[in-house]
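Below is one structure, written out as structure tokens, with a few remarks after it.
The values are calculated or read from the model by the stated rules, or taken from the named source; none is laboratory data. These numbers were taken from a predicted model, which means no experiment stands behind them. Note that we place each Cβ from the backbone using ideal geometry, even for glycine, and neighbour counts take in every protein chain shown. Side chains included, ligands, DNA and RNA excluded: accessible areas come from the protein's heavy atoms. Shrake-Rupley method; radii C 1.70, N 1.55, O 1.52, S 1.80 Å.
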Amino acid sequence: MTKWARFVLPAFCLSALTGCLSDADELTPDPSAPVSLQIRLVAEQEGDLNDTRATEAGTDGEYMSDEICVLIVNCETQAVTKKFLPTDELQGDAAAQAGNLREWSSEAFTLRPGDYDVYAFANWSTADNTQLNSFVGVGVNVSLPELESNTGIDIRNIVLDDPASKLDFDNASISSRRFIPMSGYVEKVHVTAATRSIDVGLDRLVSKVRVQVDLSAFEGSDVKPRQLTFSNVADRIGLFRKQDAVQDIQRDKTYTVDLSDLQPVSGMSNVYLVPDFYVNATEGAGDQPFTVTLTTDQFGGTVYEASTQRTDMERNAILPINLTFNDYVPQLDMQAWLAPIGSFPVPVAVQWDDSYVVEVPEGCQFSFSADGLAGNGLENVTCQWTIPEEAQNVAAIETGSNGTTVKGHVTAQAGLQFPLQLYIQWDEGDRHYARTYPITVQVKDMFSFDWLNAPSVGYMRQLFPESVQILIKK
């Protein structure tokens, strides 16, 4: 009996399995029947450009608001098959009102199997773009080719103008808040009977710059940062990644951060963390590096400038920059001459110290020449003098043909002062640097200066000749 059962039982099970398979075949859904699914939007984490593996969550205001729009477009007909615009339902959502909505899911909806393009964008009012606003208002069944033919609006060719400059997270008026424009595009999603969800990641159309200023090189001199600028950023950005239609981008945007109230990091008297700031993402816009300029209170406003190795910034990315400083000193040849009445000009000792304040005698002629920097391994050093307008009002000044020398004549009036600027550029390895040295010229009493050709012992020193009127008696 047991032996028989060993042979019959498998046969019985096989028969039962066959019956189950037959029932399953009868229950197999129609592959062309509509599918129930959801759309899920997720604001992507930001990536560190100096470490492509590192990401971090955004901060307050860096996510979606109540402005969300999703268009599902049939790849075959190029018509809008489904649209989501949940603005009304998100009016009472506190996270959405603060730009902190990290993800959003639609209610279940049906879609026939096939291939679809999915376009999603959020926070569009910040962009203030007419074409993007048009797609917020587009209806279901609208043909995108016909829309483009009739209006010239192509969702794949929309370009936003300087979105970073329009951000306003904390406006007291909720309706006036402007959060980071975001977009996502999923090409040719293949929907089948097994599809239950379509996930779309949204990218922020700006990059975030994070700067640390280390002034340890000036320890003991109490140098403080005053202003930072970040330049050579693109003026525009395409709505979606890898957008071919973005042309004629200008790398002319500069962002300025006031650091006058910035305090050093606790326990590190010479290290400052600049508050993060946003700039337009700069993608595929040439090989021009970004320029970082730091104005300090050193010597009345020395400006330090350097270029980054990076030439682009992806959307949704963070660019960390650590600013450190070298102590290169400009090589200057400063000369001044006085011309006593009836005599040739005589050189006098120009008084100059490390504070970049130059003292010259009243009524003198002067010549200041820049011969580069004191430092090893420097290449392509160039010097250029600049004469501010306020200097022209005090003295007759001109620069030489090569810009490395500035000459002038000051009036015979002690107590005057005027500014000059010396701009020096150089390369060190594969990095480019520049520095602007503010130089203040002070005009002092001529009798407080020494003659450079003072006579040796045994000779008498000639004083300034005087003109004395003698009255003739009648």
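Looking at the range 46-68, is at least one residue at pLDDT 70 or above, part of a strand (DSSP E or B) and touching a helix residue (DSSP H, G or I) at 6+ places or on another chain (Cβ under 9 Å)? Yes, there is a match, as at least one residue in the range 46-68 is at pLDDT 70 or above, part of a strand (DSSP E or B) and touching a helix residue (DSSP H, G or I) at 6+ places or on another chain (Cβ under 9 Å).
Annotation note: of Asp154, Asp170, Asp161, Asp214, the sole residue that is in contact with a Lys or Arg (Cβ under 6 Å, 6 or more places away or on another chain) and in contact (Cβ under 8 Å) with a residue 60 or more places away in the chain is Asp161. Tell me, yes or no, whether the range 69-85 has at least one residue that is over 15 Å from Val118 (Cβ atoms), in contact with a strand residue (DSSP E or B) (Cβ under 6 Å, 6 or more places away or on another chain) and surrounded by 15 or more Cβ atoms within 10 Å (Cβ to Cβ). No - not one qualifying residue is present in the range 69-85. Taking the conditions (1) buried (at least 17 other Cβ atoms within 10 Å of the Cβ); (2) touching a Pro at 6+ places or on another chain (Cβ under 8 Å) in turn, Gln298 satisfies each one other than (2). Identification of strands (runs of 3 or more DSSP E) wholly contained in the range 351-439 with 1 or more residues that are open to solvent by 20 Å² or more (accessible area, probe 1.4 Å), hydrophobic (A, V, I, L, M, F, W, C) and modelled with pLDDT under 90 yields 357-361, 365-374, 378-386, 395-399. With the structure loaded, tell me whether Thr126 is of a type in the set (Val, Ile, Thr) and open to solvent by 50 Å² or more (accessible area, probe 1.4 Å) or whether it fails that test. Considered against the rule, which asks whether it is of a type in the set (Val, Ile, Thr) and open to solvent by 50 Å² or more (accessible area, probe 1.4 Å), Thr126 comes out as no. Among the residues in the range 283-295, are any over 25 Å from Thr311 (Cα atoms), polar (S, T, N, Q), at pLDDT 85 or above and crowded, with 17+ Cβ neighbours inside 10 Å? Scanning the range 283-295 turns up no residue that is over 25 Å from Thr311 (Cα atoms), polar (S, T, N, Q), at pLDDT 85 or above and crowded, with 17+ Cβ neighbours inside 10 Å.
Flag not set for Val200, criterion: open to solvent by 70 Å² or more (accessible area, probe 1.4 Å), touching a Lys or Arg at 6+ places or on another chain (Cβ under 9 Å) and aliphatic (A, V, I, L, M). From the set of residues in the range 111-123 that are buried (at least 21 other Cβ atoms within 10 Å of the Cβ) and over 27 Å from the mean Cα position of the chain (by Cα), which is nearest to Ile180 (Cα to Cα)? Checked the range 111-123; the qualifying residue nearest to Ile180 (Cα to Cα) is Tyr119.
Annotation: of all residues in the range 86-108 being part of a strand (DSSP E or B) and crowded, with 19+ Cβ neighbours inside 10 Å, the one that is nearest to the chain's Cα centre (by Cα) is Leu101.
The strands (runs of 3 or more DSSP E) falling completely within the range 197-309 that include 2 or more residues that are among the polar types (S, T, N, Q) and under 20 Å from Tyr328 (Cβ atoms) map to 291-296. Here Ser149, Ser165, Ser175 are screened, and the one residue that is part of a helix (DSSP H, G or I), over 30 Å from the mean Cα position of the chain (by Cα) and of a type in the set (Gly, Ala, Ser) is Ser149. No other residue among Tyr255, Tyr328 is at pLDDT below 85 and open to solvent by less than 50 Å² (accessible area, probe 1.4 Å) apart from Tyr328. Would you pick out the residues in the range 301-320 that are among the charged types (D, E, K, R) and open to solvent by 20 Å² or more (accessible area, probe 1.4 Å)? Matches in the range 301-320: Glu305, Arg310, Asp312, Glu314.
Only a single item in (1) modelled with pLDDT under 95; (2) aliphatic (A, V, I, L, M); (3) in contact with a Leu (Cβ under 6 Å, 6 or more places away or on another chain) is not met by Ala98, and it is number (3). Kindly check whether there is at least one residue in the range 143-155 that is open to solvent by 30 Å² or more (accessible area, probe 1.4 Å) and touching a strand residue (DSSP E or B) at 6+ places or on another chain (Cβ under 7 Å). So far as the range 143-155 goes, no, none of its residues is open to solvent by 30 Å² or more (accessible area, probe 1.4 Å) and touching a strand residue (DSSP E or B) at 6+ places or on another chain (Cβ under 7 Å).
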